1. How many nm is it between the label spots at GLU66 and GLU101, if each spot is 7 Å from the Cα in line with the beta carbon?
2. Hey, in the GNM for the chain with a 10 angstrom Cα cutoff, which one of PRO181, PRO237, PRO261 fluctuates hardest?
3. In nm, what is the difference between 0.36 nm times the number of residues separating PHE174 and GLU263 and their Cα-Cα distance?
4. What is the extension gain from MET1 to MET223, computed as 0.36 nm multiplied by their sequence separation minus the C-alpha to C-alpha distance, in nm to one decimal?
5. Fewest first, what order do TRP170, TRP139 take by the number of other Cβ atoms within 10 Å?
6. Calculate the tail of P(r) for the chain: the fraction of all Cα-Cα distances greater than 29 Å, expressed in %.
7. Test of the criteria: in segment 86-175, which trypsin sites (Lys or Arg not before Pro) are in a DSSP loop and have at most 13 other Cβ atoms within 10 angstrom of their Cβ?
8. Taking GluC sites (Glu not before Pro) as exposed when DSSP calls them loop (any state but H, G, I, E, B) and at most 12 other Cβ atoms lie within 10 Å, what is the longest stretch of the chain free of them, the sites themselves excluded?
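What follows is calculated from the coordinates using simple rules that are stated; it is not laboratory data. Fair warning: this is a prediction, and the values are worked out from it, not measured in the lab. With ideal geometry, Cβ positions are generated from the backbone for all residues, glycine too; neighbour counts draw on all protein chains shown.
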Amino acid sequence: MSSDFHTHTHCSPDSSTPVAKVLEVALQRGLHAIAITDHAEIDPTGFGFVSPHCRSYEAYRQAVLEAAAAYEGRLKILLGVEVGYRMEYNALVRRFLGAHEFDVVIGSIHDSPPVDWWDPRSGELLKRDPEKGVQALAWYFTELLGAARSGMFDIIAHIDVYERYLPGMWPDPFSHPTVAPLARKAVQAIAEHSRMEINLAMLNRDGHFAWSSLRFLEMYREMGGRPPVVGSDAHRPSWVGLNIKEGEELARKAGFRGTAPWEEVVSGKRK
């Protein structure tokens, strides 16, 4: 039975979707379980939820529980969080997670200085100065390694997310002499301490995953990684549960029997 482990609602600053709408679409698409995993990030007051609609854990939990009540017995709903991680925030993140209870905790890296994924000029920067791409991915995989080794995360999200924003413009993470060793260390740490996500938002406009997605999954399996999870990374209703079957097929192509059910993820939480 299919599960979507990565969704966002109005409790994330980059989504306006009500929790109830996410659950409605999940049921329509035949999902067995869904995790609501809104963003927790650093801000001037500390670490936590940054949406104006849910400025506290209590407000977030209440929003999810109120919507979930109408689906009891029909859909398994997990209270989760996606943590925007940096090693410099490690103590703040640990304190935040220690103070609040979640069914599922996702760790993510959302930047890679000196390259800004969201700046339209970054493509020209990488063409003009490829070394900036090397520096960016070295930074990214070092942070990803730190996130996995921290042991705080049940899932590490979208390992090749940089390809989503600037596809085909990065050094090869499997062969570049600087980047590849760091990428391998990060994948090994995910295999040992967490679980890899197949992020469905990594499907490109032609309906194919980023070229690196399968390679990373194969490496993760060879390093002893447990079955991965699938997450839509939905920020709007139409994305919820979208392309789940394609994600499950990618897991099989990588040599897994399938993706992990929600029971396995929750019962296998890393402490």
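1. Distance between label points: 2.1 nm.
2. PRO181
3. That pair, PHE174 and GLU263, stretches by 28.8 nm at full extension.
4. Values: separation 222, 0.36 × 222 = 79.92 nm, distance 2.61 nm.
So the extension gain works out to 77.3 nm.
5. Arranged by neighbour count, lowest to highest, TRP170, TRP139 become TRP139, TRP170.
6. 28 percent
7. ARG121
8. Numbers: sites that count: GLU72, GLU101.
By the stated rule (loop sites, at most 12 other Cβ atoms within 10 Å), 102-271.
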